[in-house]
Amino acid sequence: MSEERALLKGSAELLLLALLEERERHGYELAKLIDERSGGAITFHVASLYPLLYRLERRGLISGRWVEKPGVRRRRFYRLTAAGAKVLGARRKSWSEFFAALTRVAGLRHA
Amino acid sequence: MRDWKTLVRQRLGSFPVTPSRDADIVDELAQHVAQHHADLVSSGLDDADAMERALAPLADRERVIRDIARADRPRRAAPVPPPTRPGHLLADLVADARYAVRLLRKSPGFTATALLMLAAGLGVNTTIFSVVNAVLLRPLPYRDPSRLVMIGERGSNGAGNVGYTTFLDWRDRSHGFEDVGLIRSWSATIVPDGEPERVAGMRVSSNFFRLLGVRPALGRDFTPEDDTVAGWHVVVLSDSLWRRRFAADPAAIGRPISLNGLAFTIIAVLPPSFEPLLSQHFYQPADIWAPVGYDTSLPYACRSCEHLKAIGRVKSDVSMEATVRDIDGVQAQLRREHPADYGRSSTMTLVPFAEELTGSVKPALAVMMGAVGFVLLIACANVASLLLARMARREHDLALRTALGASRGRIVRQLLVENTILAAAGGAAGLAIAWWAVPLLPTLAPVAIARLSNAHVDAGVLAFSAAASMATAVVFGLLPSLRAARVDLQATLHGDSRRTSRNPTSAARRLLVGVDVALAVVLLAGAGLMIKSVGRLLEVDPGFNPSGVLSMQISFVGPAYTASEAVVAKTDQILAKLHELPGVQHVATASEIPLSGNGDCSTVHIQGRPSPSPADDPCPERYGVTPEYFSVMQVPLRSGRLFSDADTAASEPVLIVGQRTAAALWPRGDAIGQHVRVGDPDNGPWRKIIGIVGNVRHQELAAPPTMQMYTPQTQFTDSLLTVVIRTESDPSSLIADARRAIRSVASDVPVDNVAPVEDLVSRSVGPRRFVMRLLELFGAIALLMTAVGIYGVIAYSVAERTQEIGVRAALGATRGDIVRLVLGSGLTTVAIGLIAGIVLAAASTRYLEGSLYGVPATDASTFVIVAVVLFSVAVLAQLMPVIRATRVDPSSALRQE
């Protein structure tokens, strides 16, 4: 895996975990939120989002469940697990340190 | 509303995961695409563009499938198959094996069921084979055993007995033998301090051990000087007798020992490895050997005194056929020289030791091997069926691998490795079963089967088990592998073959269920016929009443009992003492009682009816009894009178005959009052027939009554006797008292083989009961496996057809319709299997004929019962799946479409 892709994947996981920290969401909602909040800079489509979600679920960081309500097609909602919350905390910290370093070294400025 | 699931499915096909997970993934992706499309439309795109954009990410089908399948939860994802590297066959096989083990561990239900069936199938096969191996295949423990033979005139039981003088002529005039020898049964009563003990023994010619190729472990072998009238009071002991009675003391050699009241000298001890097989064939394993010690001057050394068995070792450069021809010529010559001494003419025969010892158990063992073979086939059919079901679930995975470049050969090889691992594990478990079960067999066997106790898991058994396991892998793996090689790529990846009701996998599995049923019919029919035979046998009227009778053997041997008067007097004393015991109604002795051993016969010569060939005169079995014998055994008097105390050595010699003897020899019904000579036609007293009693089944319950006659113990005194006691209470409660009573008046008389006569009766059906028990066991295993097989196929087919059933239910099918739909297809298969099974059973139960009694091998009522039992089990096995089918909810079943 190229460095760029690894970086991207790491950041994508951070994004998903962070969004699920707020509340349960289904897959499309996650993709839409990322798209909106990044102003279109980061997009997930159906073929790239679900492998990520399934992998996170497999690692026990998130857990999905089907919710069936009258009149609506059943949907799969994902929520952050306790393990996921822990990993999210650690990721936030390392990304912050990473950005701080980048800022110092490369003169980046926070958006 | 647009069917997004179908749109997604069309683009992606199926994921290599379980069907339900596959459905969930497609569902979730379809949701996503649908919502994306809706958002795009509401943002102003037209429908077609929105469609295109929403579905665009799915264009790279293979990558999407791979990414998602890899990311999905591991228990649902297939392990990644090892890559193929040309030229690395061994490494590939190891990788395949690892992969296979991972796959098997991933479906514990399948693996456990398959292993259980294979272990049961291979276990019973290995167990029975270890018996066959020990009894039939392993060479006898003698030097060059294939050349050792029994020699004699062809009789109903192989080679007949021979008289001493005849034997000497065979030895001197024949050319085919390296050496010939004699054996006869013998028993020795050791009277040490305490209770006298009777030890089974053999009298043998001095070259006996050399003939077999056995050397004593201690002391010296017999010499020709020992084998004389004056010199034969020397004995060789078995290792176990030496350890038991002489504490393994090497100084026992040369020590005197009192046997049957006579002084003997111990000259040798045999090695512990020596197997006394020939004596086992007579009665029980011998523990003591003495020389024959005859010469031609003895009265019982005559040509017609046929109580010895001749054995020989055929020269290594002479064929069996030539040796038979040669000895046959010798015997024909003897017949010409001594016409009066030989009976009806017969040819000579040589029976190899192996056949003599185990020939009689061969058919039963063949039946057992056949039965366990069927059990294994049923196990194979079931495992094949399980594999096919698994294959249907794995088809997507296999198709995907093929699409990704794996050759069909590679995939089939992977499956073969899996099957081999499964079979090897089943074989190992089967071996464990055999290792546990084999030592139990001798304790279950009703009769002493020569060499059965030697059965154990050895290299031969290991080899058999390995070969059987591999053959099993081929048999059960064949159909699934063929199926795998034919997986239709396009149909599997695009279509949805699992939802159709008639896919080829189902058909193959139904065929296997049919095979299961057919094989189970055969086993159950065999078991049923045996159960019926044993039942019929126990219903047979043996001609006497065994219940409430205790039997015990006593023997009067030694100098104190050389005179008949002494034996008679002591017998009277013993009987009187036994009479005093509480609850005893009648007491008697007999030279032999029914169902306890060989019925010796004596020729009878009728006064006033000269015989052209006295040796060919009728030969009824003779039983020497005391007066109360007929009351004890409740043998009915048909006419005339029974023996009484007035029939003494001094009174007129009398005889009682059985009905069959009376009818055969005096068809006009005038037997009573006739006079006959027993044995020697020219000498001895004429005995008057005074009564006719009912026939008795002496040899075995299955054999029709033979010709019988009875002599009073006072006039024809036997010294090996069986005491029979009729009591009001349970005969076994009398054992200790009876022993004590005998010892109080005859401390030098050993008491052996104490048993209620009813035990003798049930022991006499023992061999059949043993076959019956084993067939019952195999039948039960077969029935269980068949039930599991039927359940598996029907349950799977219901799961497979959930949608179809849902559609039918939605279209108005009643529960009854659905039950008929599911049950109908299953029961048709079962019915076809039943018919095939009955045909197969009719063809194969005839191999059981020798063990059957009173039941034809194709007994219709047995077959009907078997069919009913199997059919009922088949219906029961389908109950759960059928109930599940009637509970299918039409809406949820349809929603998945």
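Bear in mind these aren't lab numbers, they're just calculated from the coordinates by the rules spelled out. Keep in mind it's a predicted model, so treat the numbers as computed, not measured. All Cβ positions, even for glycine, are placed from backbone atoms using ideal geometry, and neighbour counts span all protein chains on display.
Run the simple label-point estimate for B:S407 and A:E21 please: 7 Å along Cα→C-beta, distance reported in nm.
According to this spin-label approximation, the distance is 5.5 nm.
Full extension from B:D326 to B:V875: what is 0.36 nm times the residue separation minus their Cα-Cα distance, to one decimal in nm?
That works out to 191.0 nm of additional length.
Measure off 7 Å from each Cα along the Cα-to-Cβ vector at B:R105 and A:R74, then give the distance between these two points in nanometres to one decimal.
Rounded to a tenth, the inter-label distance reads 3.2 nm.
When the Kirkwood hydrodynamic radius is evaluated over all pairs of different C-alpha atoms of segment B:273-344, what value in angstrom, to one decimal, is obtained?
For segment B:273-344, the Kirkwood estimate is 15.5 Å.
At a 4.7 angstrom Cβ threshold, list every cysteine in chain B that has nobody to pair with, or say none.
For chain B, the answer is B:C380, because their Cβ atoms have no other cysteine Cβ under 4.7 Å.
Would you please give the FRET efficiency between B:D682 and B:A432, computed as 1/(1 + (r/R0)^6) with r the Cβ-Cβ distance and R0 = 51 Å, to the nearest 0.05?
Working from the Cβ atoms, E equals 0.15.
Which aspartates and glutamates, if any, have their Cα less than 18 Å from the Cα of B:K362, not counting same-chain residues under 8 positions apart?
List returned: B:E849.
Return the Cα extents of chain B along principal axes one, two and three, sorted largest first, each rounded to a whole Å.
Here the spans come out as 136, 60, 54 Å, largest first.
Within chain B, what is the longest stretch that has no trypsin sites (Lys or Arg not before Pro) placed in a DSSP loop and near at most 14 other beta-carbon atoms within 10 Å?
That gives B:669-886 as the longest site-free run.
Using the count of nearby Cβ atoms within 10 Å as a rough guide to exposure, how do B:I883, B:I68 rank from fewest to most?
Least crowded to most crowded, the residues run B:I883, B:I68.
Based only on the alpha carbon positions, what is the Kirkwood hydrodynamic radius of segment B:557-748, in angstrom?
Computed over Cα pairs of segment B:557-748, the Kirkwood hydrodynamic radius comes out at 17.6 Å.
May I ask for the net charge around B:D859, where only other residues with Cβ less than 11 Å from the Cβ of B:D859 are counted and Lys, Arg are +1 while Asp, Glu are -1?
Every neighbour counted, the sum reads +2.
Debye calculation, C-alpha points only, no solvent: report log10 I(q)/I(0) for segment A:3-106 at q = 0.10 Å⁻¹, in the same order as the q values.
-0.31
For the pair B:T296 and B:L720, what calculated FRET efficiency results from E = 1/(1 + (r/R0)^6), where r is the Cβ-Cβ distance and R0 = 35 Å, to the nearest 0.05?
0.85
For chain B, what is the calculated [θ] at 222 nm in deg cm²/dmol (nearest 500), taking -39500 (n - 2.57) for each run of four or more DSSP H residues and dividing by its residue count?
It comes out at -16500 deg cm²/dmol, rounded to the nearest 500.
Measure off 7 Å from each Cα along the Cα-to-Cβ vector at A:L102 and B:S146, then give the distance between these two points in nanometres to one decimal.
Result for the modelled spin labels: 8.7 nm.
Starting from the exponent 0.38 and prefactor 2.2 Å, build the expected Rg for segment B:742-897 from its residue count and divide its actual Cα Rg by it.
1.75
For segment B:178-301, what are the per-bin percents of Cα-Cα distances with bins 10 Å wide, up to the bin holding the maximum?
It works out to 13, 48, 33, 5, 0, in whole percents.
I need B:L365, B:L350, B:L137, B:L529 ordered by Cβ neighbour count within 10 Å, fewest first.
Placing the least packed residue first, the sequence is B:L137, B:L365, B:L350, B:L529.
Report, please, the projected area of the protein assembly as shown averaged over directions, based on the convex hull of its C-alpha atoms, in nm².
For the Cα atoms of the protein assembly as shown, the hull's average projected area reads 60.2 nm².
Looking at the calculated P(r) for segment B:4-77, what percent of the C-alpha pair distances fall above 14 Å?
Here the long-distance tail beyond 14 Å is 60 percent of all Cα pairs in segment B:4-77.
Quick one: B:D47, B:D39, fewest Cβ neighbours within 10 Å first, how do they rank?
By the 10 Å Cβ count, ascending, the order reads B:D47, B:D39.
By how many nm would the segment from B:S346 to B:S20 lengthen if fully extended, with 0.36 nm per residue of separation less the alpha-carbon distance?
Contour length minus Cα-Cα distance gives 109.4 nm.
B:Q10 to B:E62: FRET efficiency via 1/(1 + (r/R0)^6), r the Cβ-Cβ distance, R0 22 Å, to the nearest 0.05?
0.90
Would you list the membrane-span-like helices of chain A, meaning whole DSSP H runs whose alpha-carbon atoms span at least 24 Å along their axis and whose mean Kyte-Doolittle value is at least -1.0?
Within chain A the helices that satisfy the rule are A:3-22, A:82-106.
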